[in-house]
Amino acid sequence: MRILDTSMKNFRLLLLVVVIAAVAASIWLFRPQSSETASGQVADSPLASIGVNGPVAAIGPSHSMGGGRTMEDPVVVAVENGASLMSALKAHAVDGRIESEAQANLALLGGNCHEAPNLAPVASDGFYFDDTRAWAIARQLEICAGYDPKQFRVTLARPDLIGSNRAQGWAATENLATESIATSGIMLDVFTAGQLMMENDAFPFDQVLPGMQKEYGPDEIAKAWLRASQLATCDKVGGCGKESFEVVLLCANLGCKQGLNLTQALEQRLPPSDYRATMAMYAWLNRRRSGT
């Protein structure tokens, strides 16, 4: 068993690599809005102004573990119904401003559009099958067609978690991270909040999964936390359903039967231990987000 380095000195780098690899072409979209008040102090509730703006449409039961219902952003609905990301954002982002959490998540995923999908055949190892990758690769190309991240910018008020931690330390940042974990619908912010908790030895690994630090290495934990952050934010703002960008990207890489939501696709394609870690973190997030 790999043992997680309890000092956590290198955890930030390991965790950031997971995100940076996917968003290199569009990370500039997520330049943080100021999280400081006029007096220069970190605001108590910088996430209070974050919300989904504009019309939304109700859909059927979401992918969530609780089987609840969620409200979908019109851009999420358009992409899941076959539109390209560019056309959907142009139709709903006013003057290129991305003002909803769901659209911000899609713009983040748009970082994958700068790289062509891997079309090379791969040998089956139990998780990679060309016939189940083909539909997803074709759909990824359709979603990414013409996407130009320079035409958009995320303008939501968001906490500068890393900047706050660097400038003022963890004691001044912990409440921001806790609030992001509990309320944010932006996957990157939930992920970053958990990353900082881990770096500052404040993440309750044994509450999530007893013995987790002994059973899993840093890279496995990072990937499980990223997937859990994605599932939890989809529950809040939409996404991760059948034909979603999230599912398409996963299946283009791992191969999935078409028609699955993200939870189902992860269960089908992840090694059991990785799926167990993801769902344990997702369950913990659900508890924190429901106040239990």
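The values are calculated or read from the model by the stated rules, or taken from the named source; none is laboratory data. Keep in mind that what you see is a predicted model, and the values were worked out from it rather than measured. In this analysis, Cβ positions are derived from the backbone assuming ideal geometry, glycine residues included, and neighbour counts consider all displayed protein chains.
Find the helices (runs of 4 or more DSSP H) located wholly in the range 109-228 whose residues include 3 or more that are on the phi < 0 side of the Ramachandran plot and among the hydrophobic types (A, V, I, L, M, F, W, C), and list them.
Output list reads 130-144, 161-168, 170-183, 187-199.
Using beta carbons and a limit of 7 Å, which pairs, at least six apart or on different chains, have the first residue in the range 238-263 and part of a helix (DSSP H, G or I) and the second one modelled with pLDDT of 95 or more and of a type in the set (Ser, Thr, Tyr)?
Final answer for the pair search is Leu262/Ser244.
Quickly run through the range 178-215 and pick out the residues that are of a type in the set (Gly, Ala, Ser) and in contact (Cβ under 8 Å) with a residue 24 or more places away in the chain. Outline the logic, then answer.
Of the range 178-215, the ones of a type in the set (Gly, Ala, Ser) are 180, 182, 184-185, 193-194, 202, 211.
Correct list: Ser180, Ala182, Ser184, Gly185, Ala193, Gly194, Ala202.
Scan the range 278-292 for residues that are surrounded by fewer than 20 Cβ atoms within 10 Å (Cβ to Cβ) and more than 17 Å from Met198 (Cα to Cα) and report the count.
Of the residues in the range 278-292, 7 are surrounded by fewer than 20 Cβ atoms within 10 Å (Cβ to Cβ) and more than 17 Å from Met198 (Cα to Cα).
If you go through the range 149-164 one residue at a time, how many are over 16 Å from Ala104 (Cβ atoms) and surrounded by 22 or more Cβ atoms within 10 Å (Cβ to Cβ)?
Qualifying residue count for the region: 1.
Would you confirm, using the coordinates I've provided, whether Val208 is closer than 15 Å to Met281 by Cα and either surrounded by 18 or more Cβ atoms within 10 Å (Cβ to Cβ) or more than 12 Å from the chain's Cα centre (by Cα) (or both)?
yes
If Val247 passes every condition in (1) closer than 27 Å to Gly163 by Cα; (2) touching a Cys at 6+ places or on another chain (Cβ under 9 Å) but one, which one does it miss?
Of the numbered conditions (1) closer than 27 Å to Gly163 by Cα; (2) touching a Cys at 6+ places or on another chain (Cβ under 9 Å), the odd one out for Val247 is (1).
Every residue in the range 93-103 that is within 15 Å of Tyr147 (Cβ to Cβ) and buried (at least 21 other Cβ atoms within 10 Å of the Cβ), please.
Ala93, Ile98, Gln103
Applying the selection to the range 180-204, what residues are surrounded by fewer than 22 Cβ atoms within 10 Å (Cβ to Cβ) and among the hydroxyl-bearing types (Ser, Thr, Tyr)?
Hit for the range 180-204 is Thr183, nothing else.
Could you tell me how many of the residues in the range 140-166 are within 20 Å of the chain's Cα centre (by Cα), under 16 Å from Ala88 (Cβ atoms) and hydrophobic (A, V, I, L, M, F, W, C)?
Residues flagged as within 20 Å of the chain's Cα centre (by Cα), under 16 Å from Ala88 (Cβ atoms) and hydrophobic (A, V, I, L, M, F, W, C) within the range 140-166 amount to 4.
Does any residue in the range 150-169 that is touching a residue at least 40 places away in the same chain (Cβ under 8 Å) come within less than 6 Å, Cβ to Cβ, of a residue that is polar (S, T, N, Q) and surrounded by fewer than 23 Cβ atoms within 10 Å (Cβ to Cβ) six or more places away or on a different chain, and which pairs are these?
Ala157/Gln33; Ala157/Ser49; Arg158/Gln33; Pro159/Ser35; Asp160/Ser35
Given the conditions (1) touching a residue at least 24 places away in the same chain (Cβ under 8 Å); (2) farther than 23 Å from Ser290 by Cβ, and given that Trp225 satisfies all but one, which numbered condition is not satisfied?
Among (1) touching a residue at least 24 places away in the same chain (Cβ under 8 Å); (2) farther than 23 Å from Ser290 by Cβ, the lone unmet condition for Trp225 is (2).
Restricting the range 226-252 to residues that are small (Gly, Ala, Ser) and in contact with a Ser or Thr (Cβ under 8 Å, 6 or more places away or on another chain), which is surrounded by the fewest Cβ atoms within 10 Å (Cβ to Cβ)?
The extreme case among them is Gly241.
Taking Glu174 as meeting all but one of (1) crowded, with 21+ Cβ neighbours inside 10 Å; (2) at pLDDT 95 or above, write down the number of the exception.
Here Glu174 clears every test but (1).
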